[in-house]
There are 2 protein chains.
Amino acid sequence: MMNTSHSPAQIDTVMQQAAAAFVAYQKTSPVQKAVFLETIAANIEALGDALISKTSEETNLPPARLTGERGRTTMQLRMFAQLLREGSWVEATVDTAIPDKTPPRPDIRKMLVPMGTVVVFGASNFPFAYSTAGGDTASALAAGCSVVVKAHPAHLQTSIMVADAIAAAIASTGMPEHCFQHVTDASFEAGKALVQHPHTAAVGFTGSYTGGRALYDYAAARKSPIPVFAEMGSINPVILLPDTLSTNAESLAKQYAGSITLGMGQFCTNPGILLGIASEGLQAFLQALAKEIGTIAPAKMLHAGIHKAYFEKMKTALQQKGVKLLSQTTTAPGELEAQPVIATVDGAAFLLDPLLREEVFGPYSLVVICDNEAELTAVWRSLTGQLTTTLMGTDADFAAHASLLEIAPAIAGRIVFNGVPTGVEVCASMVHGGPFPASTDSRFTAVGIHAVKRWVRPVCYQNCPDALLPEALQAANPLGIWRLVNNEWVRA
Amino acid sequence: MMNTSHSPAQIDTVMQQAAAAFVAYQKTSPVQKAVFLETIAANIEALGDALISKTSEETNLPPARLTGERGRTTMQLRMFAQLLREGSWVEATVDTAIPDKTPPRPDIRKMLVPMGTVVVFGASNFPFAYSTAGGDTASALAAGCSVVVKAHPAHLQTSIMVADAIAAAIASTGMPEHCFQHVTDASFEAGKALVQHPHTAAVGFTGSYTGGRALYDYAAARKSPIPVFAEMGSINPVILLPDTLSTNAESLAKQYAGSITLGMGQFCTNPGILLGIASEGLQAFLQALAKEIGTIAPAKMLHAGIHKAYFEKMKTALQQKGVKLLSQTTTAPGELEAQPVIATVDGAAFLLDPLLREEVFGPYSLVVICDNEAELTAVWRSLTGQLTTTLMGTDADFAAHASLLEIAPAIAGRIVFNGVPTGVEVCASMVHGGPFPASTDSRFTAVGIHAVKRWVRPVCYQNCPDALLPEALQAANPLGIWRLVNNEWVRA
């Protein structure tokens, strides 16, 4: 039977076991770790429909969406397995000795090594892909770290099923028993104790600003501070440029009505704010968007807490000075259901009201109607750091508004052209992260193979006998990986 | 004339100017930035003997040492210029579109971009290499960041001379006037204001634990926290293994007497603690070390504050229970001069006294005599994070004590075999950093080309028209840099 509460002594036991398991786990070979991750993926698939129906029951997310998310989750596990098999991710860097330099240069060899035990907080809106065996866990296990997951209480049974699948993979592949552990205590105190524990080396979190900031503050206040990678959401500003609006207003409205209401707006990449310059094209877009939104069927949100917060925040936003309701779903929402809503405000009123910059988590979007490019730029720049920002425009638009392209990298980690921010491709080039508060450390991404770099640190060996070096650094390059040797990239 | 104090309004002006300069500076080409860095190097060299004599006067460091350090500083500037000319450091990563995937994969391209304005705090013990135009400044300018240096008051005139050399390089190479600025206010308040300013994007610091921790805490407590890379020193434990002691005691003692007293111990890599297992070999080493230390001539320390702190901390350490004075320089120290000192303690007493783990900045070293490998390991593990740790041993030693090699990466950023930790080679494979408190972020190094990564963040472009992409990401790879394209490293 599982614990649903953990005493401080139990948390300590979990962390002691995780620290001991780290010592053993980091010694396993890259191929052993790859097989472990692949076995987790297979075990999750083997849970079949039982997992999907339990998760749907817990989260109100439809089976089709969950089937897709499960596919993404197992793909991520296999992607990190592939990263381990290929091996170059350790950034092996070699400078050979130069005895006749003054002073003589020693032989120095550097690579990335795992930091220790990583504590992962599951997300309510991604019960598979950002939870128990999600991207944080997969990347940390790939890095060679042991992992302690704090289950999200909104999908506890799902989390237990996945944790059991991981435990079975540990047993069948001979990994150290406690290299992964599952804490089912839902309390705030348990999370705090995990972040404050001396054996915790780093933290991964996906969720609200309030939760992420609290964990960041606990980690920074430690006697020995540790890195926290918290992904805390975003309002993902979208800029609608005049030329494209003048010809594509209707198709843009269709595209954005879909993105705003996808998964009832419960994505961290949901477009919460659209910026345009007053024009006939923008009016046509608003009319078409109003019509589209009216036809969207309400659907249940993830849980009662998110549902309540959505209505409260949405209603507060609508009460702000200058904010006008443009459109809402015409069907009255049922129990736990969200109601998609679009509002408008002019740029001057937006700039006066900091509350309008806050995320309304759900299918709500605010269109800011600006007088000109200068005001639009001011509105854009007034926002805090974002996961994404999007530019919708023709070639003529981009030529006429070149300064926007220069500003965009300072706003967000991902810049989307003529698309929607929802939908995060899992690939090496993805950046899911951005300036604070999109994430607490904009130097890293939470999605894609480079997410592994959050949990590693470089170590160099000076004049180490070749036989004592890790394989990645040995003279013969037995792993056949790409290495920077005397400032040249070589694989031989 | 320079300001020696800055009002809050003046600090604000500096930061506003630096932020505006960043916008212009980041648009300069890699080659333009390279020429800028090379011109700074040439301008520093052109200061000739006047700089060396002024710095020697301010720091009590001998001209020969300063000439070497100046060479390292200009070499670092040219190394980053070379990094910019080669170009691959931006980690360009490309995943091309797959339209028939479900869902379709967009074209995504990622690279590293500069974070904004970096505030650098100069170090007293490296008036060139870690100060005004030192590694932090050079790497941040290479990254494309604007830089504000707070001069170290212990070598203010040196800092002004170097800042003027940078200003001249800005003028002659047509860089934005305020891409580098020099704040000469020595007060704690000025430093705090710089770290807290909303336009500050990151902080580089080299100095004491107290100073670094204070800056880290200010940065973490900001409404929008920023990364701090503080390098806060170390006691750099050295393990002396039995077999090498049995045959090499005298040469080891000579080697370590030199390392402990190099620059009067004023290096962050100074070996402050030596660990050995009680044996005849260790006794022979101690006798030889005592003799060597006795012959070292005292020399002036950097400034009165460091001199006073050295004697206070050294005397406090000698008063701890079980600590015995082994040897000290026989010549009485003159004004501002340090006195090299070696003490011993047994492992059990060391483990009971946390004060003995603290750095005594200067030519003091403590030899911990352990009963066996288990006690030695316990002493080693009781230390906080270190810049370096060193293993002195024969092949037979390493075979007999294999577990020490497994533990070493958790202790420090650099593991030295059969050498001394003093002397930090500037090369790609160097790691100068380590677990807290050696540095505040063990994921980065302060020395070598990869130091540039402290000041950059990844940004990706999704479906961006090719002509609008930065050159590093364009389809034709006009810069000819190494890129990860569809998970393969290619340069074509």
- Note on the structure: From the option list A:467, A:446, A:475, single residue qualifying as at pLDDT 95 or above and either in the same structural domain as residue A:385 (by TED's automatic domain parsing) or surrounded by 23 or more Cβ atoms within 10 Å (Cβ to Cβ) (or both) is A:446
- Query: What is the one condition in (1) among the β-branched types (Val, Ile, Thr); (2) buried (at least 24 other Cβ atoms within 10 Å of the Cβ); (3) within 20 Å of the chain's Cα centre (by Cα) that residue A:210 does not satisfy?
  - Reply: (2)
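If the requirement is being buried (at least 24 other Cβ atoms within 10 Å of the Cβ) and within 16 Å of residue B:391 (Cα to Cα), which of these qualifies: B:248, B:236? Working first, answer last.
Values: B:248 fails: buried (at least 24 other Cβ atoms within 10 Å of the Cβ).
From the options B:248, B:236, the qualifying one is B:236.
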- Item | Subset of region B:459-483 (residues that are under 12 Å from residue B:89 (Cα atoms) and at the interface with chain A (Cβ under 9 Å from one of its Cβ atoms)) | B:482
- Message: Which pairs turn up if I take residues in region B:408-432 that are more than 7 Å from chain A (Cβ to nearest Cβ) and look for partners that are of a type in the set (A, V, I, L, M) with beta carbon separation below 6 Å, at least 6 apart in sequence or on another chain?
- Response: B:408/B:415; B:422/B:262; B:424/B:447; B:426/B:447; B:432/B:424; B:432/B:446; B:432/B:447
- Item | Among the candidates B:226, B:235, residue that is closer than 30 Å to residue B:398 by Cβ and either in contact (Cβ under 8 Å) with a residue 12 or more places away in the chain or in a loop (DSSP other than H, G, I, E, B) (or both) | B:235
- Item | residue B:276, sole failed condition from (1) in contact (Cβ under 8 Å) with a residue 12 or more places away in the chain; (2) within 30 Å of residue A:214 (Cβ to Cβ) | (2)
- Item | residue B:377 vs. criteria out of contact with any Lys or Arg (no Cβ under 6 Å at 6 or more places or on another chain), farther than 15 Å from residue A:23 by Cβ and in the same structural domain as residue B:354 (by TED's automatic domain parsing) | no
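This table checks each residue for (1) crowded, with 24+ Cβ neighbours inside 10 Å; (2) in contact with a Phe, Trp or Tyr (Cβ under 9 Å, 6 or more places away or on another chain); (3) assigned by TED's automatic domain parsing to the domain that holds residue A:481.
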{"position": "A:112", "(1), (2), (3)": "no, yes, yes"}
{"position": "A:118", "(1), (2), (3)": "yes, yes, yes"}
{"position": "A:138", "(1), (2), (3)": "yes, yes, yes"}
{"position": "A:143", "(1), (2), (3)": "yes, yes, yes"}
{"position": "A:147", "(1), (2), (3)": "yes, yes, yes"}
{"position": "A:156", "(1), (2), (3)": "no, no, yes"}
{"position": "A:162", "(1), (2), (3)": "yes, yes, yes"}
- Message: Looking at (1) at positive phi; (2) of a type in the set (A, V, I, L, M); (3) surrounded by 22 or more Cβ atoms within 10 Å (Cβ to Cβ), which one does residue B:336 not meet, given that it meets all the others?
- Response: (3)
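When region B:451-464 is examined, which residues are found to be under 29 Å from the mean Cα position of the chain (by Cα) and either more than 15 Å from residue B:135 (Cβ to Cβ) or surrounded by fewer than 23 Cβ atoms within 10 Å (Cβ to Cβ) (or both)? Please lay out each step first, then the result.
Step one: of region B:451-464, the residues under 29 Å from the mean Cα position of the chain (by Cα) are B:451-459.
If the condition is that a residue be under 29 Å from the mean Cα position of the chain (by Cα) and either more than 15 Å from residue B:135 (Cβ to Cβ) or surrounded by fewer than 23 Cβ atoms within 10 Å (Cβ to Cβ) (or both), then B:453, B:456, B:457, B:458, B:459 are the ones that fit.
Residues of region A:441-458 being closer than 19 Å to residue A:268 by Cα and either in contact with a Pro (Cβ under 7 Å, 6 or more places away or on another chain) or within 7 Å of another protein chain (Cβ to nearest Cβ) (or both), which ones?
At the first step, the residues of region A:441-458 found to be closer than 19 Å to residue A:268 by Cα are A:441-448, A:451.
Correct list: A:441, A:442, A:443, A:445.
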- Can you tell me which of A:430, A:392 is among the aliphatic types (A, V, I, L, M) and under 28 Å from residue A:203 (Cα atoms)? A:430
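Condition test on residue A:312, is it over 13 Å from residue A:363 (Cβ atoms), out of contact with any Asp or Glu (no Cβ under 7 Å at 6 or more places or on another chain), free of Cβ contacts under 8 Å to residues at least 24 places away in the same chain and exposed (fewer than 14 other Cβ atoms within 10 Å of the Cβ)?
Details: over 13 Å from residue A:363 (Cβ atoms): yes; out of contact with any Asp or Glu (no Cβ under 7 Å at 6 or more places or on another chain): yes; free of Cβ contacts under 8 Å to residues at least 24 places away in the same chain: yes; exposed (fewer than 14 other Cβ atoms within 10 Å of the Cβ): yes.
The answer is yes for residue A:312.
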- Assess whether residue A:405 counts as being touching a residue at least 24 places away in the same chain (Cβ under 8 Å) and out of contact with any Ser or Thr (no Cβ under 6 Å at 6 or more places or on another chain). no
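Which of the residues belonging to region A:381-407 are facing chain B (nearest Cβ under 8 Å) and buried (at least 17 other Cβ atoms within 10 Å of the Cβ)? Even if it seems obvious, please write down each step before you answer.
As a first pass, look at region A:381-407 and keep what is facing chain B (nearest Cβ under 8 Å): A:384-385, A:395, A:398, A:405-406.
Once the filter is applied, which keeps residues that are facing chain B (nearest Cβ under 8 Å) and buried (at least 17 other Cβ atoms within 10 Å of the Cβ), region A:381-407 yields A:384, A:385, A:398, A:405.
The values are calculated or read from the model by the stated rules, or taken from the named source; none is laboratory data. Small disclaimer: the values here were computed from a predicted structure and weren't measured. FYI the Cβ positions are ideal-geometry reconstructions off the backbone, even for glycines, and counts take in every protein chain you see.
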